[in-house]
Amino acid sequence: MCGIVGAFDLVGRRSFSRSRLLRMTGAIAHRGPDDERVHLEPGLALGVRRLAIIDLAGGAQPLCNETQDVWVSFEGELYDYAANRTKLAQRGHRFSTRCDTELWVHNYEELGDDVFRDARGQFSVAAVGS
């Protein structure tokens with residue numbers, strides 16, 4: 001089971017320490033032995049410890065959209081992953097992985113703050129978009 005960590009500054013100016021974020025992901029190393037990644041930008045820090053189940057090679061997180069203005073960290077399972085992926089692809093969204101995490105990126109682009117409205121599954125997710 002993956003683990004996610006992060007911090008968000010509502011003003012969007014604070015710089016977060018990479019070493020502190022890595023200490024946070026290190027504290028949950030038992031949640032995901034397969035990968036550890038972080039994303040930092042002014043006002044945002046996201047980190048993931050990943051247990052790879054879907055798209056073992058290509059599902060590195062935090063994951064972003066093509067323009068890098070939506071970032072997501074995800075843990076869990078989306079039950080209707082295949083149907084949602086097909087629906088989003090028909091709407092013109094391009095996928096760069098086979099990982100269910102990427103659905104959150106494109107769902108956020110479509111729904112914004114209503115991203116959880118139709119989500120079915122067991123999950124925790126951090127999604128940030130500008």
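Of the residues making up the stretch 69-80, those that are open to solvent by less than 40 Å² (accessible area, probe 1.4 Å) and either over 19 Å from R49 (Cα atoms) or not small (G, A, S) (or both) number 6. Apart from one condition, I4 fits all of (1) surrounded by 15 or more Cβ atoms within 10 Å (Cβ to Cβ); (2) more than 17 Å from the chain's Cα centre (by Cα); the exception is (2).
Can you find a residue that is hydroxyl-bearing (S, T, Y) and under 9 Å from the mean Cα position of the chain (by Cα) anywhere in the stretch 68-81? Checking the stretch 68-81: at least one residue is hydroxyl-bearing (S, T, Y) and under 9 Å from the mean Cα position of the chain (by Cα). Checked against (1) outside any helix (DSSP H, G or I); (2) open to solvent by 30 Å² or more (accessible area, probe 1.4 Å); (3) closer than 21 Å to L44 by Cβ, R98 meets all criteria but (3). Please go through the stretch 101-130 and pick out each residue that is touching a Phe, Trp or Tyr at 6+ places or on another chain (Cβ under 8 Å), buried (at least 19 other Cβ atoms within 10 Å of the Cβ), of a type outside the set (D, E, K, R) and under 11 Å from N84 (Cβ atoms). Across the stretch 101-130, the qualifying residues are L103, W104, H106. When the stretch 37-68 is filtered for residues that are open to solvent by 30 Å² or more (accessible area, probe 1.4 Å) and within 23 Å of R14 (Cα to Cα), the ones remaining, listed by number, are R37, V38, L40, E41, P42, C64, T67, Q68.
Cβ-Cβ below 7 Å, separation at least six or inter-chain, first residue in the stretch 93-110 and closer than 19 Å to S124 by Cβ, second part of a helix (DSSP H, G or I): which pairs? Close Cβ pairs (under 7 Å, with a partner that is part of a helix (DSSP H, G or I)) amount to D100/Y81; L103/Y81; L103/N84; L103/R85; L103/L88; H106/L88.
The values are calculated or read from the model by the stated rules, or taken from the named source; none is laboratory data. Just so you know, these numbers come straight off a predicted model, no measurement behind them. Note that we place each Cβ from the backbone using ideal geometry, even for glycine, and neighbour counts take in every protein chain shown. Side chains included, ligands, DNA and RNA excluded: accessible areas come from the protein's heavy atoms. Shrake-Rupley method; radii C 1.70, N 1.55, O 1.52, S 1.80 Å.
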